[in-house]
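Chemist: Before anything else, here's the structure in question.
The values are calculated or read from the model by the stated rules, or taken from the named source; none is laboratory data. Since this is a predicted model, take the numbers as computed values, not measurements. Virtual Cβ from ideal backbone geometry, glycine too; neighbours counted across all protein chains shown. What goes into the accessible areas is simple: the full protein's heavy atoms, side chains included, and nothing from ligands, DNA or RNA. Shrake-Rupley method; radii C 1.70, N 1.55, O 1.52, S 1.80 Å.
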Amino acid sequence: MRSQNLTFSDRWMFNRVMCEEDVCRRVLRAILGFDIGRIEYLNAEQAIEPAAASRGVRMDVFAREGDKVYDIEMQVEREPSLGRRMRYYQAVIDAGELEPGCGFNMLPESFVVFVCCYDPYGAGEPVYRIERTCLERPQAEIGDDSHWLALNARAWEAETCSDLRDMLHYVQTGKADGALSRDIDSLVLAYNQDREWVNRVLTYEQDTEIRCQRARAEGIEQGIEQGIEQGEARLLALAQRLSAAGRLDDLLRAADDGACREALFKEFGL
């Protein structure tokens, strides 16, 4: 069983801490390099109730400030398709923001940020900023106003922004050495005192893992059954072909000799 305390890198704790508006503004300012105004949270219920979902996909932190929206995700495990995942989250945001009949100019400027506990692109950069560009004219203004960022907590030492370096260092090591990380850590400690919420999170994750294990086991079992059925059908077809051809000796050998059987399958295109 998991530790009974949640860390900042746990998505549920990350969600709840980031629902503290002052901390969220400071984290966004550290990541994006500009000040953030008053934040309207669009999925705050997920911070309290782990089973809650929003907009068809569970976003860790989804917030609006003026004409900008922010999706901030904590990514602990390596995601081999991070780019496609960012693309999917972007699509979910855009689909939910544009009302029927509205022009595309009504889409808000958006920021999709993944805080990764590993190096997502293997280049040792603390921040990877991903923007749409025209290959033929890199200087051309695309004007889609969507921005993707992947943070690499392992490269915290290479970050020049003190607050961002402090936060990445805290994500990577759990050590609160700066003003921002100390404020985050105090919230982590306080929320871990809410044992009802922590136990609800742990129970939800345990139940989810059990369901996933059961689904995997059922999938394997189903695959085996399908393989047996397909193998039986293939063997029956071979027996019918050999019997029709009067090759009873080959039929008997195929029953006992795997190599012979495979050669006959190939001969008859089975």
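Chemist: Roughly how many nanometres apart are two label points built 7 Å out from the Cα toward the Cβ at Ser162 and Ala190?
Modeler: In this crude spin-label approximation the distance works out to 2.4 nm.
Chemist: Students sometimes get this wrong: rank Tyr70, Tyr121, Tyr191 by accessible area, probe 1.4 Å, all chains present, largest first. Don't skip to the answer; put the middle values down first.
Modeler: Working: Tyr70 5, Tyr121 105, Tyr191 30 Å².
Heavy-atom accessible area, descending, gives Tyr121, Tyr191, Tyr70.
Chemist: What does the net charge come to around Ala155 if you take all other residues with beta carbon closer than 12 Å to its beta carbon, with K and R at +1 and D and E at -1?
Modeler: Values: positive: Arg154, Arg165; negative: Asp119, Glu125, Glu157, Glu159.
Charge balance in the 12 Å sphere: -2.
Chemist: For the stretch 75-81, what does the Karplus curve 6.51 cos²θ - 1.76 cosθ + 1.60, with θ = phi - 60°, yield as ³J(HN,Hα) per residue in whole Hz, taken in order and with x for Gly and Pro?
Modeler: 10, 7, 7, 4, 10, x, 10
Chemist: Can you sort Leu189, Leu235, Leu42, Leu242 by solvent-accessible area, 1.4 Å probe, largest first? Before the final figure, lay out the partial values.
Modeler: Values: Leu189 105, Leu235 85, Leu42 35, Leu242 0 Å².
Greatest to least solvent exposure: Leu189, Leu235, Leu42, Leu242.
Chemist: Hey, another quick one. Output ³J(HN,Hα) for the stretch 63-71: one whole-Hz value per residue in order, computed from phi by the Karplus curve 6.51 cos²θ - 1.76 cosθ + 1.60 with θ = phi - 60°, and x for Gly and Pro.
Modeler: Each residue's phi maps through the Karplus curve to give 9, 10, 9, x, 9, 10, 10, 10, 10 Hz.
Chemist: If I ignore ligands, DNA and RNA and count only protein heavy atoms, how much of Phe14 is accessible to a 1.4 Å probe, in Å² to the nearest 10?
Modeler: Accessible area, nearest 10 Å²: 0 Å².
Chemist: Further question: Just the accessible area for Glu65, please: 1.4 Å probe, Å², rounded to the nearest 10?
Modeler: Counting only protein heavy atoms, Glu65 exposes about 30 Å² to solvent.
Chemist: In what sequence, largest accessible area first, do Glu262, Glu73 appear using a 1.4 Å probe?
Modeler: On the way: Glu262 95, Glu73 5 Å².
Ranked list, largest accessible area first: Glu262, Glu73.
Chemist: Karplus couplings for the stretch 175-188 from phi (6.51 cos²θ - 1.76 cosθ + 1.60, θ = phi - 60°), rounded to Hz, Gly and Pro as x?
Modeler: With the stated coefficients, the stretch 175-188 comes to 9, 9, 10, x, 4, 5, 5, 5, 5, 4, 5, 5, 5, 4 Hz.
Chemist: Would you mind checking which residues have amide H under 5 Å from Val69's amide H? H placed 1.01 Å from N; only 5 or more apart, or other chain.
Modeler: Amide H neighbours of Val69, under 5 Å, 5+ apart: Glu109, Ser110, Phe111.
Chemist: What distance in nm separates the simple spin-label points at Ile142 and Leu235, each placed 7 Å from Cα in the Cβ direction?
Modeler: Taking the simple label geometry, Ile142 and Leu235 are separated by 5.5 nm.
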